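The values are calculated or read from the model by the stated rules, or taken from the named source; none is laboratory data. Just so it is clear, the model here is predicted, and its values are computed rather than measured. Glycine also receives a Cβ, built like all others from the backbone with ideal geometry; neighbour counts cover every protein chain displayed. To get the accessible areas, we keep the full protein, side chains included, count just its heavy atoms, and leave off ligands, DNA and RNA. Shrake-Rupley method; radii C 1.70, N 1.55, O 1.52, S 1.80 Å.
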Amino acid sequence: MLVAAAVCPPTPLVVLDMPDLRSACHAAIAGLAEARPETLIVVGGAETTASYDRAAAGTLRPWGVDLVTPGGGEPVLPLSLTVARLLLGDRTPDGLRSVAFDAAPEECLALGEKLAGGRDRVALLVIADGSACLGPRAPGRYDEAAGPLNDRIADAIATGDPAPLAALDPVPADRLWVSGRAALQVLAGAAGAHTFGGRLLMAAAPYGVGYFAGSWLA
């Protein structure tokens, strides 16, 4: 069963810059221990849905930074899971799962239900961001609909309510460049009908992209 979750953004800036956001992410991750989880699973968006060895490594070299995560072998992790490994430091998660950016909501919800469906007390570290259409400096074209959608995601994290995340429509989410939609719906699937004690530790959009740091505790 899901007993805790943390949400952090997949941007390399959270480990290279933006110390306030990095501190908030570290606080969200540290807070998972309060729920005494037996299993920690990292979930993040990527081009494809896949499972990786718990000790797999990632690197930021494709983004111009010669930085490799803890782990072994050739770096294979997508960006979201690479950022997660860097935020976790020396702690090795029990599972690393990517979910395709374009995965259908039913697929995402089913994956979340599967990840939290065993007898273990499960904590999820979900690497996801909001809209990238929030301002003139955004990677996507500014859209006035981006703000309300981004706010709904932030409110769901703050209130520990999975229902708004489960209800995210992939069509407007894709139009508004919400690359974290699929990973957030995995979280909703893991939570099921339960609500959690939510904490939104930080929400920011300094480059027109919605970044969140928050946690859920049962």
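The residues of the range 169-205 that are touching a strand residue (DSSP E or B) at 6+ places or on another chain (Cβ under 8 Å), of a type in the set (A, V, I, L, M, F, W, C) and part of a loop (DSSP other than H, G, I, E, B), listed by number, are Phe196, Ala205.
Condition test on Gly64, is it over 17 Å from Ala166 (Cα atoms) and either free of Cβ contacts under 8 Å to residues at least 12 places away in the same chain or touching a Cys at 6+ places or on another chain (Cβ under 8 Å) (or both)? It is true that Gly64 is over 17 Å from Ala166 (Cα atoms) and either free of Cβ contacts under 8 Å to residues at least 12 places away in the same chain or touching a Cys at 6+ places or on another chain (Cβ under 8 Å) (or both).
In summary, Arg36 fulfils each of the numbered conditions (1) open to solvent by 20 Å² or more (accessible area, probe 1.4 Å); (2) touching a residue at least 24 places away in the same chain (Cβ under 8 Å); (3) under 23 Å from Ala103 (Cβ atoms) with the single exception of condition (3). A single entry from Leu87, Leu21, Leu111 fulfils the requirement of being surrounded by 14 or more Cβ atoms within 10 Å (Cβ to Cβ), assigned to a helix (DSSP H, G or I), touching a Cys at 6+ places or on another chain (Cβ under 6 Å) and touching a residue at least 60 places away in the same chain (Cβ under 8 Å): Leu87. Taking the range 118-166 as the range and being among the acidic types (Asp, Glu) and modelled with pLDDT of 95 or more as the test, the residues that pass are Asp129, Asp143, Glu144, Asp151, Asp155, Asp161.
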